[in-house]
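Worksheet: the structure to be examined is printed underneath.
No lab work stands behind these numbers, since they all come straight from the coordinates. Fair warning: this is a prediction, and the values are worked out from it, not measured in the lab. Reconstructed Cβ throughout: ideal geometry from the backbone, glycine too, with neighbour counts over all protein chains shown.
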Amino acid sequence: MSEHSNKLVIRNIGLLLSGKLEQPILDADCVVCIDGRIAEIGRENELDVDRADTIVDAKGVTVAPGLIDSHVHPVIGDYTPRQQQLNWIDSCLHGGVTTMISAGEVHVPGRPKDIVGLKAMAIASQRCYENFRPSGVKILAGAPVLEEGMVEEDFKDLADAGVTLLGEVGLGSVKTGETARQMVKWARKYGIQSTIHTGGPSIPGSGLIDKDVVLAADADIIGHINGGHTALPDDQIVCLCEQCQRAIELVHNGNERSALLALRTASELNQLERVILGTDAPAGSGVQPLGILRMIAMLSALGDVPAETAFCFATGNTARMRELDSGIIEHDKAADFILIDRAQHAPGRTILESIRQGNLPGVGMTIIDGVVRSHRSRNTPPATTLPELVGL
Ligand SMILES: [Zn+2]
């Protein structure tokens, strides 16, 4: 440990959720982090907890990986013109979200649709959010929307300039399976991850993307398989789950019944590792700062999955599908955490029981890269017990 390293100790953890589907609960009460990365996990009396710069006393509450929103539409800083809203990202941090992934900066007023313009905007967005994290939240942005006429060289240019994502295929002029497939292939060749709009038109001016286009395009993520907002017919959703191996993304701003159908189908296929969560915010329905927590509670309660499993949909599953270094409590992963507890007066003896019964937990603290970013959430119901920063 060097002289200048920064050490965070979280002790008295009552329940540690790993984010890993294969072992969602860890047998540990303490996590030690050095310079923003997880160094050790275990029992406090077995770990080196001396000389910490920051000590968090969890007071017996639950620690989980910071939540990842796999589907957002940021524009600039912490402002969205979609609903003329300021500080929406900060509000989501108070809902436990520590990482957001752009599915395209489509709400930019006057969004350029010519190829040089859309490339320039993607590169600028990637830079802006790399240089500025609203309230500490990691925003992976710079996700160009595909337009007709793009050639392989364009994808190479984007990748060379640091772009790692595509915006939702189908939101631009590329709407046929054949063209989408070619462009997704070029993107993949240069290390750019892809997602596709699935379902009916989202807002006036956008179009339908049905299962045949989704299957032909073969994007890495079946973006909002439950529609954003309008879902495909049930048989098409089942067919997408069965006939392709890509990520099954369920969003808050979609059809909840269809989300449950997709979850059930993934479960029957024994492929829950493909299920990831997003909000699709800001949307026509607005911004829901608790959207990811609400999806966890809804899927657990109505989809009949244990709450600890539902947390994996919003953490480790997304991290693995998206190749992130967060979302899992494991040595050397990013020290991104939420400290949560059963909401005051919520039914259920434990936090997991109360979530399984459809109740949201209370967020007591968020930590990103080993730094405490927020304390008692202003948005969740109040947690029964709050963690505390220990004075050194
Ligand atoms: Zn969409």
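For region 1-110, the dipole from Cβ point charges (+1 on Lys and Arg, -1 on Asp and Glu) about the Cα centre works out to 320 debye, to the nearest 20.
Sorted fewest first by neighbouring Cβ atoms within 10 angstrom, K113, K333 come out as K113, K333. With the chain treated as a Gaussian network of Cα nodes joined by springs under 10 Å, which of F313, F337, F132 yields the largest mean-square fluctuation? Highest fluctuation of the listed residues: F132. A protection proxy built from the mean count of other Cβ atoms within 10 Å ranks the segments 175-183, 81-89, most packed first, as 175-183, 81-89.
Straight-line cross-link partners of K333 among the lysines, defined as a Cα under 30 Å from its Cα and at least 8 positions apart when in the same chain: K7, K20, K59, K138, K156, K185, K189. Only Lys, Arg, Asp and Glu carry charge here, each on its Cβ (+1 for the first two, -1 for the last two); on that basis the chain has a dipole of about 760 debye about its Cα centre. Fewest-first ordering of H375, H345 by other beta carbons within 10 Å of each residue's beta carbon gives H345, H375. When only the Cβ of Lys, Arg, Asp and Glu is charged (+1, +1, -1, -1), the dipole of region 67-289 relative to its Cα centre reaches about 280 debye. Of the options T164, I355, A187, report the single residue whose Cα projects farthest towards the positive end of the charge dipole of the chain (beta-carbon charges: Lys, Arg +1; Asp, Glu -1). The one lying farthest along the dipole's positive direction is I355.
Net charge in the neighbourhood of V275 (other residues with Cβ under 11 Å of its Cβ; Lys, Arg +1, Asp, Glu -1) is 0.
Whole-Hz Karplus values for region 325-332 come out as 9, 10, x, 9, 8, 7, 3, 6 Hz, taken residue by residue from phi with 6.51 cos²θ - 1.76 cosθ + 1.60 and θ = phi - 60°; glycine and proline positions read x. The alpha carbons of region 138-191 stretch over 32, 21, 15 Å along the principal axes, in descending order. Distance between the C-alpha centres of region 328-381 and region 305-326: 15 Å, rounded to the whole angstrom.
Value of Rg to Rh for the chain, rounded to two decimals, is 0.97; Kirkwood radius and Rg both from alpha-carbon coordinates.
Going from the residue with the fewest nearby Cβ atoms within 10 Å to the one with the most, C30, C92 rank C30, C92.
One Cα centroid belongs to region 130-204, the other to region 232-254; the line between them spans 20 Å.
Applying the Karplus relation 6.51 cos²θ - 1.76 cosθ + 1.60 with θ = phi - 60° to region 370-379 yields 3J(HN,Hα) values of x, 10, 5, 9, 8, 9, 3, 4, 7, 10 Hz, where x marks Gly and Pro.
Comparing V151, P289, Q245 along the charge dipole axis of the chain, the residue lying farthest to the positive side is P289, per the Cβ-charge model. Mean silhouette area of region 66-207, derived from the convex hull of its C-alpha atoms and averaged over all directions, reads 8.2 nm².
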